[in-house]
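Notes for the one structure printed next.
The values are calculated or read from the model by the stated rules, or taken from the named source; none is laboratory data. Owing to the predicted nature of the structure, the values given are computational and were not obtained by experimental measurement. Here the Cβ positions follow ideal geometry from the backbone for every residue, glycine too, while neighbour counts run over all protein chains shown.
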Amino acid sequence: MAATVIDGKAFAAKVRGQVAEHVDRLKSGHGITPGLAVVLVGSDPASEVYVRSKGKMTVEVGMKSFEHKLSADTSEKDLLDLIDKLNNDPEVHGILVQLPLPDHLDEDLVINSITPAKDVDGFHISNVGLLSTGQKSMVPCTPLGCLMMLRDHHGSISGMDAVVIGRSNIVGKPMAQLLLRDSATVTIAHSRTKDLPEVVRRADIVVAAVGRPEMVIGDWIKPGATVIDVGINRIERDGKTKLVGDADYESCAKVAGAITPVPGGVGPMTIACLLANTLTACCRANG
Ligand code: GUN
């Protein structure tokens, strides 16, 4: 039987609608408008597309959007000064510094200079520690979006075998923490994992977050398993540019019970969760 397609685009629209309703109530009831500041250093084309899209959707849900575009040769001091200003700006409830940063900037130093309560990416070391010890934190947007889709599809994932392929700080590690928090049995696989296909074949849930186009194939998937594809890879095929995930959609969809498409799966959920995190940060800041 063909897999159920998990429609991230529709789910994200629903989440944004709920955020917009809440923002409306905050504005009319309390005179508070949540604000999100996005900082982009340099002009990486993919980052520019993401930042534009984040700004547009922030405004669409009724929040204030503050965009700061800095030149690629911005000094660390100037960037840290801007973050300090945003940390102290009461109109700004969430701060996102788009990654990757140019090489001369220390990414850890920059991220850890954001006030943890405004760190809507959930990348600050305090938020990482809070999440891994099961305390209230800001949760990274992409893994949060994946978890929401899994909960929506399965109800509960308690006791399920989950394999996360990829160990990045942005997706793999926080994804594993979230799955563990929901009582799944979690394996983190990566480039050095021995016999990756065999490891993946044990999984009821596969989260592919390796950044390699179409690496996970149907032959690796346990029949009926759920495949969450975090990859966004641009490839050339038949003379055209095409967006594909880290899973080979065609072969995986023949075996899986459910699968997220690329585009239209995890991607839209990431921005919806960023807006939800900004709303959460605003609510926490205002008691
Ligand atoms: N670059 C790619 N994904 C992300 C993300 O989730 N947050 C930030 N800040 N930068 C990114």
Residue list for region 226-255, filter: of a type in the set (Gly, Ala, Ser), out of contact with any helix residue (DSSP H, G or I) (no Cβ under 8 Å at 6 or more places or on another chain) and on the phi < 0 side of the Ramachandran plot: 231, 245, 247
Give the residue that is farthest from the ligand (Cβ to nearest atom), with candidates limited to residues of region 257-279 that are in a helix (DSSP H, G or I) and aliphatic (A, V, I, L, M). 279
Would you point out which residue out of 9, 54 is more than 17 Å from residue 97 (Cα to Cα) and assigned to a helix (DSSP H, G or I)? 9
Can you tell me which residue is farthest from the ligand (Cβ to nearest atom) among those in region 69-109 that are closer than 22 Å to residue 280 by Cβ and outside any loop (DSSP other than H, G, I, E, B)? 87
Residue among 44, 119 that is within 25 Å of residue 286 (Cα to Cα), acidic (Asp, Glu), buried (at least 16 other Cβ atoms within 10 Å of the Cβ) and within 15 Å of the ligand (Cβ to nearest atom): 119
Answer yes or no as to whether residue 59 is without any contact (Cβ under 8 Å) to a residue 12 or more places away in the chain, away from the ligand (no atom under 12 Å from the Cβ) and within 23 Å of residue 20 (Cβ to Cβ). yes
For region 231-256, which positions are within 16 Å of the ligand (Cβ to nearest atom) and either part of a loop (DSSP other than H, G, I, E, B) or not hydrophobic (A, V, I, L, M, F, W, C) (or both)? 231, 232, 233, 234, 245, 246
Is there any pair with a first residue in region 171-191 that is at positive phi and a second that is at pLDDT 95 or above whose Cβ atoms are under 7 Å apart and which are 6 or more apart or on different chains, and what are they? 183/158; 183/159
When you go through (1) without any contact (Cβ under 8 Å) to a residue 60 or more places away in the chain; (2) surrounded by fewer than 20 Cβ atoms within 10 Å (Cβ to Cβ); (3) touching a helix residue (DSSP H, G or I) at 6+ places or on another chain (Cβ under 7 Å) one by one for residue 53, which number turns out not to apply? (1)
Mind checking which pairs have a first residue in region 136-159 that is polar (S, T, N, Q) and a second that is assigned to a helix (DSSP H, G or I) and away from the ligand (no atom under 16 Å from the Cβ), Cβ under 9 Å, 6 or more apart or different chains? 137/126; 137/129; 137/130
Suppose the filter is under 21 Å from residue 16 (Cα atoms) and either part of a loop (DSSP other than H, G, I, E, B) or β-branched (Val, Ile, Thr) (or both); does residue 148 pass it? no
Restricting to region 183-203, what's the tally of residues that are surrounded by fewer than 18 Cβ atoms within 10 Å (Cβ to Cβ) and in a loop (DSSP other than H, G, I, E, B)? 8
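Just the residues that are touching a Cys at 6+ places or on another chain (Cβ under 7 Å) and not polar (S, T, N, Q), please, taken from region 270-280. Write out each step before concluding.
We begin by selecting, within region 270-280, every residue touching a Cys at 6+ places or on another chain (Cβ under 7 Å); these are 270, 273-274, 277.
Result: 273, 274.
Condition check ((1) over 18 Å from residue 170 (Cα atoms); (2) in the same structural domain as residue 211 (by TED's automatic domain parsing)) across all residues:
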| position | (1), (2) |
| --- | --- |
| 246 | no, yes |
| 251 | yes, yes |
| 254 | yes, yes |
| 283 | yes, no |
Select from region 122-142 the residues that are within 11 Å of the ligand (Cβ to nearest atom) and part of a loop (DSSP other than H, G, I, E, B) and list them in ascending order. 122, 123, 140
